[in-house]
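**Q** This structure is in structure tokens; I'll ask about it shortly.
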Amino acid sequence: QIAEQVAGEMERLVSITGAASQVTHASELLVDVLEEAARDVAARDAAQQQSGAYDEAAPTEPPSHALKLLLSNNQVGGIIGKKGSTIMQMREESGAMIKVEAAATLTNERVVLVNGVRQAVLAALALIIGKLAQMPKEEAPPPHQRQRTGPGAAAHGGMGASYGMQPWACQRQRT
């Protein structure tokens with residue numbers, strides 16, 4: 001599933017769901033499309049350079065890809081492993097740069113960045129998908145433990161709901 005393009009943004013959200021083998025295959029196809037687009041840009045730049053309309057030399061190295069994965073905090077913990085051992089092994093085996101961004105306040109999700117050439121990115125994705133497939137399936141938290149973020153969070157008694165609290169718990173109790 002591909003989200004609509006947000007005006008002014010260079011990124012688009014692509015959701016891939018299915019069995020590990022299906023997600024891996026879809027990821028390969030996605031990277032192939034990105035690589036083809038990068039080759040088209042390089043060919044256009046080379047043609048412009050030959051015509052004198054472009055000054056810089058055409059790149060001779062394979063295109064690099066940058067993918068962002070949105071994972072739950074629990075999934076990221078599994079990717080990192082004890083003392084970072086799992087993510088270090090994934091970096092070494094794949095040759096890709098794998099980085100976990102710091103957790104945002106009041107969210108249960110984190111961004112994992114995967115950068116590198118095609119084979120390195122695909123190897124890293126396969127390792128990450130394989131690890132996620134081994135982890136226990138996560139259940140959605142019960143309604144009383146869901147975090148409230150966004151515009152409606154502060155609509156209750158002039159205060160935002162705290163983590164794990166029902167919105168009405170933020171209202172003053174009358175005596």
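The values are calculated or read from the model by the stated rules, or taken from the named source; none is laboratory data. Please read all numbers here as calculations on a predicted model, not as lab measurements. Don't worry about glycine lacking a Cβ; one is built from the backbone with ideal geometry, like all the others, and counts go over all protein chains shown. Remember, those area values only see protein heavy atoms, side chains included, never the ligands or the DNA or RNA. Shrake-Rupley method; radii C 1.70, N 1.55, O 1.52, S 1.80 Å.
**Q** What percentage of the solvent-accessible surface of region 1-138, computed with a 1.4 Å probe over protein heavy atoms, is contributed by carbon and sulfur atoms?
**A** 54 percent
**Q** Largest first, how would VAL112, VAL100, VAL33 line up by accessible area (1.4 Å probe)? Numbers along the way, then the final one.
**A** Numbers: VAL112 0, VAL100 30, VAL33 95 Å².
The residues order as VAL33, VAL100, VAL112, largest area first.
**Q** What number comes out for accessible area per residue over region 1-141 if the probe is 1.4 Å? Units Å², please. Don't skip to the answer; put the middle values down first.
**A** Numbers: 9580 Å² over 141 residues.
Accessible surface, normalised per residue, equals 68 Å².
**Q** HN-Hα J couplings of region 119-131 from phi, Karplus 6.51/-1.76/1.60, θ = phi - 60°, integer Hz, Gly and Pro as x?
**A** 4, 5, 5, 5, 5, 5, 4, 4, 5, 5, 4, x, 5
**Q** Please compute the net charge surrounding LEU113, taking Lys and Arg as +1 and Asp and Glu as -1 over other residues with Cβ under 15 Å from its Cβ.
**A** Numbers: positive: LYS68, ARG91, LYS99, ARG110; negative: GLU11, GLU101, GLU109.
That works out to +1.
**Q** Something else now. Please give me the summed charge of the neighbours of ALA3: other residues whose Cβ is under 11 Å from its Cβ, Lys and Arg +1, Asp and Glu -1. All intermediate terms of the calculation are to be shown ahead of the outcome.
**A** Values: positive: ARG12; negative: GLU4, GLU9, GLU11.
Net charge around ALA3: -2.
**Q** How are the Cα pair distances of region 1-110 distributed, in percent, across 10 Å bins from 0?
**A** 11, 29, 34, 18, 7, 1
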